[in-house]
Number of protein chains: 2
Amino acid sequence: MDEPVLLTGAGGRVGQAILDGIGEPYDWRLFDREPLSAEERPPGVSREDVVVGDVTDESTVAEAVDGCGAVIHLAGDPRKTAPWDSVLRNNIDGTQVVMNASVEAGVEKFVFASSNHVVGAYETDDRTPGMYRTSDEFRLDGTELPRPGNLYGVSKATGEFLGRYYHDEHDLSVVCVRIGNLTREHPPPEYERGHAMWLSHRDCAHLFDRCLRADYGFEIVYGISDNDRKYYSIDRAREVLGYDPQDNSSEYRFDGTPKGE
Amino acid sequence: MDEPVLLTGAGGRVGQAILDGIGEPYDWRLFDREPLSAEERPPGVSREDVVVGDVTDESTVAEAVDGCGAVIHLAGDPRKTAPWDSVLRNNIDGTQVVMNASVEAGVEKFVFASSNHVVGAYETDDRTPGMYRTSDEFRLDGTELPRPGNLYGVSKATGEFLGRYYHDEHDLSVVCVRIGNLTREHPPPEYERGHAMWLSHRDCAHLFDRCLRADYGFEIVYGISDNDRKYYSIDRAREVLGYDPQDNSSEYRFDGTPKGE
């Protein structure tokens with residue numbers, strides 16, 4: 001990707017994991033609601049490469065995406081308890097504005113930060129906690145219909161189908177990454193479900209790097225590390241994107257310390 | 001259904017087809033942006049039974065749904081070319097407001113008017129016009145992922161997944177009817193696709209009647225007549241709802257006149 005890459009929500013947790021891991025090779029244009037400190041910008045990215053604005057503001061977004069070859073769209077209200085008015089505006093409307101501006105600017109690849117909450121309601125009382133365990137064979141692979149567990153999940157499902165529309169009707173290459181539980185260094189302690197859907201920082205950065213480099217039409221993939229406990233398949237991410245995760249939550253005890261130490 | 005039934009968008013094409021066909025047995029409460037004339041109301045429904053308001057207005061909707069046992073939610077911008085701002089507000093936000101108010105009012109059954117446009121992009125250049133013909137075996141049955149052909153379709157897909165959420169998390173019984181091409185008396189002349197997805201007025205009224213009477217959890221069904229040309233399966237509507245359509249577009253010539261006359 002020789003052209004600039006627009007990263008929205010650059011100051012958030014996922015954005016910072018990406019920039020920490022794969023910051024240098026790309027010509028980044030960062031977008032956030034707040035100015036980013038020097039520590040929040042990768043080397044070589046100046047204050048002038050950061051657009052401060054709201055993703056629902058069409059003219060600001062159009063200016064930010066102008067000349068970009070790819071977009072990683074992370075911006076939105078990240079709270080699983082976010083109220084409807086906020087996800088309607090920040091997540092649903094914001095994603096449409098960014099996708100539409102991307103098509104108009106001739107962007108090739110669009111990487112959409114979706115969420116495990118799109119399918120949260122598959123975790124029914126009769127399936128849990130069994131499905132979080134290594135012995136359980138239940139898998140979601142991205143071909144299933146959404147079953148959002150909250151309105152945040154509804155908003156992310158809508159983003160995926162906006163992506164489907166902009167791919168089918170406007171030829172945008174779109175990959176939706178249903179991000180698991182992203183934590184630094186080790187899986188979330190004492191949280192069995194979090195171990196099953198753990199995504200390490202380095203696997204996160206590598207996965208988004210693959211999203212910028214691989215060729216695809218429209219894809220929905222799960223973004224988790226290669227956890228023994230997984231109930232999300234990462235086969236599609238491996239096949240289509242060349243995702244090759246290095247981490248596995250089973251290398252850690254429930255208190256967060258590595259096993260064998 | 002002994003309790004009142006709220007019908008939003010009552011003055012629209014689908015609403016009028018329902019009221020013409022099954023008006024009398026139900027205790028209707030009608031909702032529309034405009035007052036309804038005496039001709040637009042079924043016998044026994046007075047001007048006082050009509051709420052005039054906007055479906056995004058939470059307090060008006062809460063008042064309208066209070067005491068109802070079921071809701072048929074048709075209101076929204078029905079144009080396939082509707083711009084984003086309109087479907088965001090009228091279709092996406094409006095549906096959330098009506099579903100949320102329904103849950104809070106203790107409504108049992110929610111019938112959502114979805115659309116064939118949720119899956120419009122399955123009609124690819126290599127499938128059409130073959131898929132519109134009797135000899136073609138291609139079928140969509142409601143288990144497939146949405147592929148909206150326009151932003152209107154995206155908004156209807158969102159309504160379906162709002163329904164999935166309100167069913168899974170709040171126990172609302174929800175059926176989403178992907179309505180085909182509703183026309184009075186005969187299929188749309190000279191329109192092969194329209195013959196394939198024709199829904200006659202009497203089959204429409206019967207289908208929504210079944211949605212009020214049958215028992216279900218969450219369903220997505222196609223709303224078309226029993227057309228020989230169909231590429232939407234009506235098996236699920238038959239099985240779960242007891243839908244028993246009487247009409248078939250193949251009984252009509254392309255100019256709209258009945259065959260054999």
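Data table
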{"read-out": "Exceeding the 27 Å Cα-Cα cut-off - candidates A:156/B:80; A:156/B:230; A:80/A:230", "value": "A:156/B:230"}
{"read-out": "Amide hydrogen neighbours beyond the local backbone of residue A:173, cut-off 5 Å, H modeled", "value": "A:110"}
{"read-out": "Residue A:114 long-range amide H proximity, modeled H, under 5 Å", "value": "A:177, A:178, A:179"}
{"read-out": "Segment residue A:86-residue A:104, extension gain: residue separation times 0.36 nm, minus the distance between their alpha carbons", "value": "3.9 nm"}
{"read-out": "Segment B:5-251 - percent relative contact order, Cα under 8 Å, separation 6 or more", "value": "19"}
{"read-out": "Acute angle (nearest 10 degrees) that the helix B:94-104 long axis makes with the longest principal axis of chain B, alpha-carbon atoms", "value": "50"}
{"read-out": "Distance in nm between pseudo-label sites at residue B:128 and residue A:253 (7 Å out along the Cβ direction from Cα)", "value": "6.2"}
{"read-out": "From phi via Karplus (6.51, -1.76, 1.60), per-residue ³J(HN,Hα) for segment A:231-241 in Hz, x at Gly/Pro", "value": "10, 10, 6, 10, 4, 5, 5, 5, 5, 7, 9"}
{"read-out": "Helix-only mean residue ellipticity at 222 nm for chain A, each DSSP H run of n ≥ 4 adding -39500 (n - 2.57), per residue, nearest 500", "value": "-8000 deg cm²/dmol"}
{"read-out": "Angle in degrees between helix B:151-170 and the longest Cα principal axis of chain B, rounded to the nearest 10", "value": "50"}
{"read-out": "Residues with amide H under 5 Å from that of residue A:183, placed H, sequence gap 5 or more", "value": "A:199, A:201"}
{"read-out": "Derived scalar couplings ³J(HN,Hα) [segment B:76-91; Karplus, 6.51 cos²θ - 1.76 cosθ + 1.60; whole Hz; x for Gly, Pro]", "value": "x, 6, x, 7, 5, 9, 4, x, 3, 4, 6, 6, 4, 7, 6, 9"}
{"read-out": "Cα shape, segment A:112-248, gyration tensor, a/c 1.5 rule", "value": "oblate"}
{"read-out": "Most positive-pole-ward Cα, B:86, B:134, B:206, against dipole of chain B from beta carbon charges", "value": "B:134"}
{"read-out": "Share of carbon and sulfur in the accessible heavy-atom surface of the protein assembly as shown [1.4 Å probe, %]", "value": "41"}
{"read-out": "Other-copy label distances relative to residue B:259, 7 angstrom Cα-Cβ extension, nm", "value": "6.7"}
{"read-out": "Average beta carbon contacts from partner chains per residue of A:115-127, 10 Å cutoff", "value": "1"}
{"read-out": "Residue B:213-residue B:170 pseudo-label distance in nm [points 7 Å out on the Cα-to-Cβ vector]", "value": "2.9"}
{"read-out": "3J(HN,Hα) from dihedral phi, segment A:18-26, Karplus parametrisation 6.51/-1.76/1.60, rounded to Hz, x for glycine, proline", "value": "5, 5, 5, x, 10, x, 5, x, 9"}
{"read-out": "Average beta-carbon neighbours from other chains, 10 Å sphere, peptide A:163-170", "value": "5"}
{"read-out": "Within the protein assembly as shown: Cβ-based charge dipole about Cα centre, in debye rounded to nearest 20 (Lys, Arg +1; Asp, Glu -1)", "value": "500"}
{"read-out": "Relative contact order (%) - criterion: Cα under 8 Å, at least six apart; region: segment A:114-202", "value": "33"}
{"read-out": "Cα-based shape type of segment B:5-251, given that a ≥ b ≥ c are square roots of the gyration tensor eigenvalues and the cut on a/c is 1.5", "value": "prolate"}
{"read-out": "Point-to-point label distance, residue A:33-residue B:184, nm (Cα→Cβ direction, 7 Å offset)", "value": "5.0"}
{"read-out": "Protection-proxy order for peptides A:35-43, B:15-23, each taking the mean of Cβ atoms within 10 Å per residue, highest first", "value": "B:15-23, A:35-43"}
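The values are calculated or read from the model by the stated rules, or taken from the named source; none is laboratory data. Since the model is a prediction, treat every value here as computed from it, not as a measurement. Don't worry about glycine lacking a Cβ; one is built from the backbone with ideal geometry, like all the others, and counts go over all protein chains shown. Calculation scope for accessible area: heavy atoms of the full protein, side chains included, ligands and nucleic acids excluded. Shrake-Rupley method; radii C 1.70, N 1.55, O 1.52, S 1.80 Å.
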